[in-house]
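Notes for the one structure printed next.
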Amino acid sequence: MKLVPAKQAQAKLLNAMADKRLRVLTLATFKKDRSVTLRRATEGWELEEQGFANATMPLDAGPAGKRLIKEAFKREFPRSNKLYLSETMG
């Protein structure tokens, strides 16, 4: 896990669905008490939130999926400046 600025982490999360090799992308706060995980499922993508909201939901690859990612990011990291980023390639 590496510590990156929140803006860079959000850009990486929004563009993750276009990366063909990426399997799992996890963002976590400095205290690691809140996280957002984007995971490749059998059909499409799956978004998992842990922290303020604990939920797992399937994602579409279009604009509706990006909107859900942005909402989850704002809900879990409202005042974070730096986030831990973990990627798993496959």
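Summary of values
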read-out	value
Cα-based reach from Lys66 at 22 Å (exclusive), listing lysines while leaving out same-chain residues under 8 positions away	Lys7, Lys12, Lys20, Lys74, Lys82
Contour excess over end-to-end distance, with Cα ends at Glu48 and Ala16 and 0.36 nm allotted per residue	10.1 nm
Crossing angle, helix 63-76 versus the chain [Cα axis fit, 0-90 degrees, rounded to tens]	20
Gap separating the Cα centres of region 44-73 and region 9-24, nearest whole Å	13
Sequence of Lys66, Lys31 from largest to smallest accessible area, 1.4 Å probe	Lys31, Lys66
Solvent-accessible heavy-atom area per residue, rounded to whole Å², over the chain at 1.4 Å	62
Of all accessible heavy-atom area on the chain, the percent that carbon and sulfur account for (1.4 Å)	50
Ordering of 19-25, 83-89 by packing [mean C-beta count within 10 Å, highest first]	83-89, 19-25
Over the chain: helical MRE at 222 nm, DSSP H runs n ≥ 4 each giving -39500 (n - 2.57), nearest 500	-8000 deg cm²/dmol
Choice from Ala18, Ala28, Ala72 with maximal GNM fluctuation in the chain (Cα, 10 Å cutoff)	Ala18
Virtual spin-label span in nm between Thr56 and Val24, 7 Å along Cα→Cβ	1.1
The chain - charge dipole about Cα centre, Lys and Arg +1 at Cβ, Asp and Glu -1, debye rounded to 20	420
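The values are calculated or read from the model by the stated rules, or taken from the named source; none is laboratory data. The structure displayed is predicted, hence computed values, not measured ones. Here the Cβ is made from the backbone with ideal geometry for all residues, glycine too, and neighbour counts use every protein chain on show. Surface accessibility is based on the protein's heavy atoms, side chains included, excluding ligands, DNA and RNA. Shrake-Rupley method; radii C 1.70, N 1.55, O 1.52, S 1.80 Å.
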